[in-house]
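J.: The structure's right below; bear with me while I get my questions together.
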């Protein structure tokens, strides 16, 4: 069984790609077959963090049909435990204007990859592409910084993700679906209100769509005296979005990360005893336990 993990953030510069690359490295080192897919449209650079500066193929080649399958874009990094990576496209017209059909073709091809774990770097922000890539994961992880602006961007990202999740729960040809898709919403409450006024009982269905949506929270560059009030944040998200955001861990501010980025080697490989590497290793250990639960659930069904 392949488990897909998507990682997103409300803004750029949170260290999302750094975390993703280190998790991919650690999971591959544990013996899992791991494939990292860079879907960060406009900022695809995960391959650079492994010293792969000029990949032979990227997702653009797949979208342009220059290669037959997505498997033709896979690069195997033997120096990093056989980790596989599919480099992203960067900001091209092909990806910026990706059609619904092209996006679905890409997602279907990702789901068919031969791997135990597929990690998706879905980029920052809240474009339709980003939200759909983020929501496609079996497990979702959000990365934020312990700053007011970053927390606000994180909350906005989650709010739009929940709206996208709810809208996707209604068939486009249904009365509710046809009504909702014509509107622009700024809050989840607006979606619930219009859905219920269009068809009684629709609000309950919309709420059920969020029942299993529990994105995991990682706080990066955690500095003393700037601690995020996670309890208050969780209460805010639960009250206004109706979802739970379990904490996956905090990564401390650490110069070892900058040094590792300059060396094009994951910090967990270059400086495994650094505070940041130890924190990321703890996050990876939690993810491995979650993967074990997925495996047990899959084998029992």
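J.: Does the range 122-141 contain any residue that is within 18 Å of residue 238 (Cα to Cα) and either in contact (Cβ under 8 Å) with a residue 12 or more places away in the chain or in a helix (DSSP H, G or I) (or both)?
T.: Among the residues of the range 122-141, at least one is within 18 Å of residue 238 (Cα to Cα) and either in contact (Cβ under 8 Å) with a residue 12 or more places away in the chain or in a helix (DSSP H, G or I) (or both), which makes the answer yes.
J.: What number of residues within the range 53-83 satisfy the criterion of being buried (at least 16 other Cβ atoms within 10 Å of the Cβ) and within 22 Å of the chain's Cα centre (by Cα)?
T.: 12
J.: While we're on this one: Are there any pairs, at least 6 apart or on different chains, whose C-beta atoms fall under 8 Å, with the first in the range 290-301 and on the phi > 0 side of the Ramachandran plot and assigned to a helix (DSSP H, G or I) and the second surrounded by 13 or more Cβ atoms within 10 Å (Cβ to Cβ) and at pLDDT below 85, and if so, which?
T.: No pair meets every condition.
J.: Next question, about the same structure. Can you tell me which residue in the range 209-245 is farthest from the chain's Cα centre (by Cα), limited to those that are assigned to a loop (DSSP other than H, G, I, E, B) and modelled with pLDDT of 85 or more?
T.: 242
J.: Using the structure shown, decide if residue 119 is modelled with pLDDT of 90 or more, assigned to a helix (DSSP H, G or I), touching a helix residue (DSSP H, G or I) at 6+ places or on another chain (Cβ under 6 Å) and under 26 Å from residue 230 (Cβ atoms).
T.: no
J.: So which residues in the range 11-26 are crowded, with 24+ Cβ neighbours inside 10 Å and under 16 Å from the mean Cα position of the chain (by Cα), if there are any at all?
T.: Going through the range 11-26, the residues crowded, with 24+ Cβ neighbours inside 10 Å turn out to be 14, 16-17, 19-26.
Correct list: 14, 16, 17, 19, 20, 21, 22, 23, 24.
J.: Could you list, ordered by first residue, the pairs with Cβ atoms under 8 Å in which the first is in the range 94-105 and surrounded by 16 or more Cβ atoms within 10 Å (Cβ to Cβ) and the second is modelled with pLDDT of 90 or more and not in a helix (DSSP H, G or I), at least 6 apart or interchain?
T.: none
J.: Now for a separate question. Quick check on the range 145-165. Is at least one of its residues at pLDDT 90 or above, more than 18 Å from the chain's Cα centre (by Cα), outside any helix (DSSP H, G or I) and more than 19 Å from residue 21 (Cα to Cα)?
T.: There is no residue in the range 145-165 that is at pLDDT 90 or above, more than 18 Å from the chain's Cα centre (by Cα), outside any helix (DSSP H, G or I) and more than 19 Å from residue 21 (Cα to Cα).
J.: Need the failing condition index for residue 156 against (1) over 17 Å from residue 239 (Cβ atoms); (2) surrounded by fewer than 18 Cβ atoms within 10 Å (Cβ to Cβ), just the number.
T.: Among (1) over 17 Å from residue 239 (Cβ atoms); (2) surrounded by fewer than 18 Cβ atoms within 10 Å (Cβ to Cβ), residue 156 violates only (1).
The values are calculated or read from the model by the stated rules, or taken from the named source; none is laboratory data. Everything numeric here is computed off the predicted structure, so don't read it as measured data. Backbone-built Cβ (ideal geometry, glycine too); neighbour counts: all protein chains shown.
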